[in-house]
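First the structure, in the form of structure tokens, and then the observations on it.
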Amino acid sequence: MLFGWFRSKDARDRSRLIKKDREHLEARARHFLKSFLKADENGKAQFYRVVEDAVQRCQADAGVGQPSTELEDEQVARATSAEAMKILLALENNEAGSNAAFIIDAYATVAIAYHRAAGIYSEDKPMQELGTAAVHLLTMATSYTRQPPDS
Amino acid sequence: MTYTIHASKNDQTSVTVRINPATAVDKVRVLELLGWQVHVTDSSGHLFTPLDFDRLSSLACATA
């Protein structure tokens, strides 16, 4: 009975997070990913850099950026996503400049990727697919930014 | 064909096996996002590093 209560609490928690993600992140992340697909090689490089910067900032601000961290993967993923959401909401309140929407969309994509990695969307196929695409972009960004400059 | 995912982070190692290249790529990308060093080997002995994961994805599309 106790196990059932924990399971339903976990399901309610995931459901609440998905609702919030749909409200604040989904449209922005879809727009960002579609724009990425349409971009040429130079344009794609900008996407890689902005998401990589967003990940670095989220992990540093959430205190999960150190490789020696003792946190479990799910905790790291949840903390990174929560920080991306926090930054996104702050940026939305101060949105200014032509590049602001692009940066905010990048944070939405990062937040969705890390919730996907934390397993939040396992029961929600559309969000799971969106998350998978976001994870793919983030790993491409990591590979891109780790390449030696002359390659 | 089976795909073995080798991952390491902070002195931890993990080995998991998938029979579908699409699920292998999915798993490996999530691990990579979470800071694991990853590579994949298939049952023919081919090695896929992160730079080859797109090739593994193509394989997944071809077998879908």
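Nothing in this text is a laboratory measurement; each read-out follows from the coordinates by a stated rule. Since the structure is predicted, the reported quantities are computational estimates derived from the model, not experimental observations. For neighbour counting, all protein chains shown are included, and Cβ atoms are generated from backbone atoms with ideal geometry for every residue, glycine included.
For this structure, a couple of remarks:
- The lone criterion from (1) within 12 Å of chain B (Cβ to nearest Cβ); (2) in contact (Cβ under 8 Å) with a residue 60 or more places away in the chain left unmet by A:V76 is number (2).
- Qualifying position, being part of a loop (DSSP other than H, G, I, E, B), away from chain A (no Cβ under 12 Å) and either touching a strand residue (DSSP E or B) at 6+ places or on another chain (Cβ under 8 Å) or farther than 19 Å from A:T142 by Cβ (or both), among B:G35, B:G45: B:G45
- Here the condition is being charged (D, E, K, R) and exposed (fewer than 13 other Cβ atoms within 10 Å of the Cβ); of B:D54, B:D11, it holds for B:D11 alone.
- Subset tally (residues that are over 22 Å from A:G65 (Cβ atoms), touching a residue at least 24 places away in the same chain (Cβ under 8 Å) and not hydroxyl-bearing (S, T, Y)) for the stretch B:1-47: 11
- Taken together, the residues in the stretch A:135-151 that are in contact with a helix residue (DSSP H, G or I) (Cβ under 7 Å, 6 or more places away or on another chain) and more than 15 Å from B:F53 (Cα to Cα) amount to 1.
- Looking only at the stretch A:97-129, and only at residues there that are crowded, with 24+ Cβ neighbours inside 10 Å and within 25 Å of B:S58 (Cα to Cα), the one that is nearest to the chain's Cα centre (by Cα): A:V110
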